[in-house]
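See below for the structure under consideration.
The values are calculated or read from the model by the stated rules, or taken from the named source; none is laboratory data. Note that the structure is predicted; figures quoted are calculated from it, not measured. Neighbour counts run over all protein chains shown; Cβ positions are idealised from the backbone, glycine included. We work out accessible area using only protein heavy atoms, side chains counted, and drop any ligands, DNA or RNA first. Shrake-Rupley method; radii C 1.70, N 1.55, O 1.52, S 1.80 Å.
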Amino acid sequence: MTMTIAEQISMLKRGTVEIFNETELTEKLTEAAKTGKKLRIKLGLDPTSPDIHLGHTVVLRKMRQFQDLGHKAVLIIGDYTARIGDPTGQNSTRPILSSEQIEQNAKTYFQQAEKILDTSEGKLETRYNGEWLGKLTLIELIQIAAKKTVAQMLQRDTFKKRLQANIDVYTHEFLYPLMQGYDSVMIESDVELGGTDQTFNNLIGRDLQKGYGQKQQVVITMPILVGLDGKEKMSKSKNNYIGVTDEPNDMFGKVMSISDDMMENYYTLLTDLPSDKIAELVNSEKTHPKKAKVLLGKTIVAQFHNQEAADAAEAHFEKVFAQKQLPDEMPEFELDTQPVSVKQLLQTCKLAASGGEVKRLCAGGGVTIDGNKVTDPNSQITPVNEMIIQVGKRKFAKIKTAN
């Protein structure tokens, strides 16, 4: 990609919140252009859950832009920092994950991140921070800790709020930002990317690099993608997320469920459309909101699947939701005709992962069986042939019986 430094800065600034600082970024890009050096672009991900959602892809997409400019992405899987637990945004201490949980979650991260990043030789370096953090001696840890004061650590919003509310802050939680910052030292990063909730951690990396005699990394922060509820950040635990491994129909349907005023944010952070085109799409006087949202949904589905899947997802949505028809295809499950509880039925048909989820779905009015709403998860249902079960707006199952 041949672009002037000014054009590169303009592209990289899109969708960002802050750059610490732009002058240094310009200098690094200019030096790289003159010398042919590849900048090392760092992004750390703690494998605290097995799935990556669109909120994670905001920074992954920015990392891909740097790759397209000829630089190297350094993706750090925080197998070691995940054992401490990032206190960011938490009003209580995070539970410490087991090694088995971390390893299982980490396995899926590379596969999912590769849907966005360029994995060709020389473009991506993947590391586990246990490589160096697991080898630290006590004296080395003390030397790292000696580079920051307690007063500086207490400037972190998360810690201040908890202390003001008389909620304990444990000593090990101070270690997290220090360990994440030490990652920057060990890989000698030139730029670190992160959400605005990671600003404190990323700036610690700058401080530690200076303390170790390295040139300081530039920190670029990205906004937090709002979840489907339009209120809180996208999160699997809040069930307001779109997963990068979601099926096309589900992914498209979730995009169609967002409010109209969220479209500009999603277009800016999740697509490559030019700003003037986005302005036209989100202007209801120039583009009907449904048309704009359909294009957004298809664009996102095409990124993670393909254009054919995007077209099919649009057709499926129009048939099932706009025209209130059942989908042509849905998973089928063979059952006998013995009465079964709604709770067991939904889990058997893979429409819910647990009894607790069935209870929540029923309480929210999201379960219908042959068109009849079911509110009691313990009620008994006698399966009949061709019975249709629907959960929410997008999940269906058909029952087949021997009789």
Inset, instruction - Please determine, by comparing only the residues of segment 266-286 that are of a type in the set (S, T, N, Q) and surrounded by fewer than 16 Cβ atoms within 10 Å (Cβ to Cβ), which one is nearest to Met11 (Cα to Cα). - result: Ser275
Legend entry - Residues of segment 368-395 satisfying the condition of being outside any loop (DSSP other than H, G, I, E, B), hydrophobic (A, V, I, L, M, F, W, C) and at pLDDT below 90: Ile369, Ile381, Met387, Ile388
Legend entry - So Leu75, is it farther than 20 Å from Val244 by Cβ and of a type in the set (A, V, I, L, M): no
Inset, instruction - Restrict the check to segment 345-358 and report whether at least one residue is over 30 Å from the mean Cα position of the chain (by Cα), surrounded by fewer than 16 Cβ atoms within 10 Å (Cβ to Cβ) and outside any loop (DSSP other than H, G, I, E, B). - result: no
Legend entry - Residues located in segment 241-254, provided they are farther than 19 Å from Gln390 by Cα and either without any contact (Cβ under 8 Å) to a residue 60 or more places away in the chain or not hydroxyl-bearing (Ser, Thr, Tyr) (or both): Ile242, Gly243, Val244
Inset, instruction - Read through the list (1) open to solvent by 40 Å² or more (accessible area, probe 1.4 Å); (2) assigned to a helix (DSSP H, G or I), then give the number of the only condition that Ile167 fails. - result: (2)
Inset, instruction - Tell me, yes or no, whether segment 6-20 has at least one residue that is loosely packed, with under 14 Cβ neighbours inside 10 Å, among the hydrophobic types (A, V, I, L, M, F, W, C) and within 21 Å of Val59 (Cβ to Cβ). - result: yes
Legend entry - Residue list for segment 214-230, filter: open to solvent by 40 Å² or more (accessible area, probe 1.4 Å), within 19 Å of the chain's Cα centre (by Cα) and at pLDDT 90 or above: Val226
Inset, instruction - Any chance you could count how many residues in segment 378-400 are open to solvent by 20 Å² or more (accessible area, probe 1.4 Å) and over 18 Å from Pro327 (Cα atoms)? - result: 6
Inset, instruction - List every residue pair whose Cβ atoms sit under 8 Å apart, with the two residues 6 or more apart in sequence or on different chains, where the first one lies in segment 1-20 and is without any contact (Cβ under 8 Å) to a residue 60 or more places away in the chain and the second, anywhere, is in a helix (DSSP H, G or I) and among the acidic types (Asp, Glu). - result: Ile9/Glu22; Lys13/Glu22
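For (1) β-branched (Val, Ile, Thr); (2) under 30 Å from Arg61 (Cβ atoms); (3) open to solvent by less than 80 Å² (accessible area, probe 1.4 Å), each residue gets a yes or a no:
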position	(1), (2), (3)
Ala113	no, yes, yes
Ile116	yes, yes, yes
Leu138	no, no, no
Leu141	no, no, yes
Leu154	no, no, yes
Lys160	no, no, yes
Inset, instruction - State the number of residues belonging to segment 3-41 that are in a helix (DSSP H, G or I) and basic (Lys, Arg). - result: 3
Legend entry - Matching entry among Lys233, Lys238, Lys298, Lys291 (being surrounded by fewer than 19 Cβ atoms within 10 Å (Cβ to Cβ) and touching a helix residue (DSSP H, G or I) at 6+ places or on another chain (Cβ under 7 Å)): Lys233
Inset, instruction - Hand me the list of helices (runs of 4 or more DSSP H) wholly inside segment 183-270 holding 3 or more residues that are within 30 Å of Glu140 (Cα to Cα) and of a type in the set (S, T, N, Q). - result: 199-211
